[in-house]
Amino acid sequence: IQPYEKIKARGLPDNIASVLNKLVVVKLNGGLGTSMGCKGPKSLIGVRNENTFLDLTVQQIEHLNKSYNTDVPLVLMNSFNTDDDTKKILQKYSHSRVKIYTFNQSRYPRINKETLLPIAKDVSYSGENTECWYPPGHGDIYASFYNSGLLDNLIGEGKEYIFVSNIDNLGATVDLYILNHLMNPPNGKRCEFVMEVTNKTRADVKGGTLTQYENKLRLVEIAQVPKAHVDEFKSVSKFKIFNTNNLWIALSAIKRLQEKNAIDMEIIVNPKTLDGGLNVIQLETAVGAAIKSFENSLGINVPRSRFLPVKTTSDLLLVMSNLYSLNAGSLTMSEKREFPTVPLVKLGSSFTKVQDYLRRFESIPDMLELDHLTVSGDVTFGKNVSLKGTVIIIANHGDRIDIPAGALLENKIVSGNLRILDH
């Protein structure tokens, strides 16, 4: 695993445009916004100044193409859940300076946990049959990309590498230093697969980690760890890094391995209970697990800023706040923050859904000097609130707390009832 500083220290060649023209950006766009109470593709949730995840992605690539006069395309891997809605919205980018392609990942049948048989009655995908199917995880990218014909088309256009990342990771921007390292390796031998890893913090104990086995790098996910070893796996001292799921992969290698059927990924068994109470099994694979099938793989230990996922409204609060500034679709940590680490934010269940969360903040608080925020119960925030240090706000059942406009809370615990009404 190489430190990012070492790769950055090599600098950039004069002809960076010719290197960029060999790149394709792929975003994993199969997920729905259900965990945040939204219908439709997660990529269409507004993140910052009315911009969605997809808007920010297009802005980033457009900025690259304009700055270097290049033609970096964007490819979206959709699932059957997100394809229709995504295609409708793509029309709005028809005049942007980014070619956008889509392909669909597979549709697999959910399996009854007791009988081990598919629960679908037939292959249709409508009515009550919809919840009989699932997209089988992002490890499906290799086969679906190949089968769609898009892989061959891009190779035909002279593209050599894809940069793959989750569409909800706002830190996953194209890094020219890593790209240059791939295209112009110092020892002349190109890597077929690079995984960006970053140092664990207490918030990342579940992330997959890299191990070395039989001279190959391997990804180990928490779902693969026996219960007796989960605490050891989560240990920050034993496994210091985790997979950001920002991956750089050679197109020719995907084609070669796919044609030989030689991509080997461990199958993750994901048990689920459907709304009706039926226990099912989903068999999934993770895109990073294929690392062991590629030649000359490498992990690069990147700064934490390259991992900025928005999985919950607590994450959304961070990226909407003044902790970050937005420039050409990229979020960067404000220079006014003294520590480069992100505050720990835990919003309670009243904030889980995006519409509830938005209703509870009249404006996003000033969080530049915040270390830790915990909010529980029926709490609302007025305009221009400042939060500093450690702030804990707990409204017990039946109580309600309205933080008044303009309030400054520094190292405070607020509990009980607090309502200030206009008269």
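A few points about this structure:
- R0 of 30 Å, Cβ-Cβ distance Ser386-Thr352: FRET efficiency to nearest 0.05: 0.75
- Think of a 1.4 Å ball rolled over the protein heavy atoms: the stretch 313-415 then has 49 Å² of accessible area per residue.
- In the set (1) 23, 56, 20, 1; (2) 21, 43, 29, 7, 0; (3) 21, 42, 27, 10, 1, the label that goes with P(r) over Cα pairs in 20 Å bins from 0, in percent computed for this structure is (1).
- Selection of GluC sites (Glu not before Pro), the stretch 139-220, meeting DSSP coil and at most 10 other Cβ within 10 Å: Glu214
- Within the stretch 324-423, trypsin sites (Lys or Arg not before Pro) in DSSP loop having at most 11 other beta-carbon neighbours inside 10 Å: Lys336, Arg419
- Relative contact order of the stretch 2-306, taken over Cα pairs closer than 8 Å and 6 or more residues apart, is 22 percent.
- Carbon/sulfur fraction of accessible area - the stretch 313-415, other protein chains in place, 1.4 Å, %: 49 percent
- DSSP-defined antiparallel bridges as percent of all bridges, the stretch 313-415, nearest 5: 15 percent
- GluC sites (Glu not before Pro) within the stretch 324-379, DSSP loop, no more than 14 other Cβ atoms inside 10 Å: Glu335, Glu338
- Mean residue ellipticity at 222 nm, helices only, the chain: -5500 deg cm²/dmol; runs of at least 4 DSSP H residues each add -39,500 (n - 2.57), and the sum is divided by the number of residues.
- Antiparallel bridge percentage (DSSP; both residues within the chain; nearest 5): 45 percent
- Only Lys, Arg (+1) and Asp, Glu (-1) charged, at Cβ; the chain dipole about Cα centre in debye: 520 debye
- Summary of the geometry: the stretch 327-362 and the stretch 7-60, compared by the centres of their Cα atoms, lie 19 Å apart.
- Protein accessible area in the stretch 2-306, 1.4 Å probe - carbon and sulfur %: 50 percent
- Solvent-accessible heavy-atom area per residue, rounded to whole Å², over the stretch 97-241 at 1.4 Å: 50 Å²
- Among Ser325, Gly30, Leu20 - extreme Cα towards positive end, dipole of the chain, charges at beta-carbon: Leu20
- Net charge dipole, the stretch 247-319: roughly 240 debye, given to the nearest 20, about the Cα centre with Cβ charges of +1 for Lys and Arg and -1 for Asp and Glu.
- Under a 5 Å amide H cut-off, with hydrogens placed 1.01 Å from N, Asp366 pairs with Val385, Ser386, Leu387 among residues at least 5 apart or on other chains.
- What the Cβ-Cβ distance of Glu335 and Thr201 gives, at R0 = 30 Å and to the nearest 0.05, is a FRET efficiency of 0.90.
- Between the listed residues Ser235, Gly11, Val220, the Cα displaced farthest toward the positive end of the dipole of the chain, a dipole computed from Cβ unit charges relative to the Cα centre, is found at Gly11.
- Considering only Asn153, Asn322, Asn166, the mean-square fluctuation computed in a Gaussian network model of the chain, springs between alpha carbons under 10 angstrom, is largest for Asn153.
The values are calculated or read from the model by the stated rules, or taken from the named source; none is laboratory data. In this text the structure is predicted, and so the values were computed from the model without any measurement. Positions of Cβ are backbone-derived with ideal geometry, glycine not excepted, and every protein chain shown enters the neighbour counts. These area figures cover heavy atoms from the full protein model, side chains too; ligands, DNA and RNA do not enter into them. Shrake-Rupley method; radii C 1.70, N 1.55, O 1.52, S 1.80 Å.
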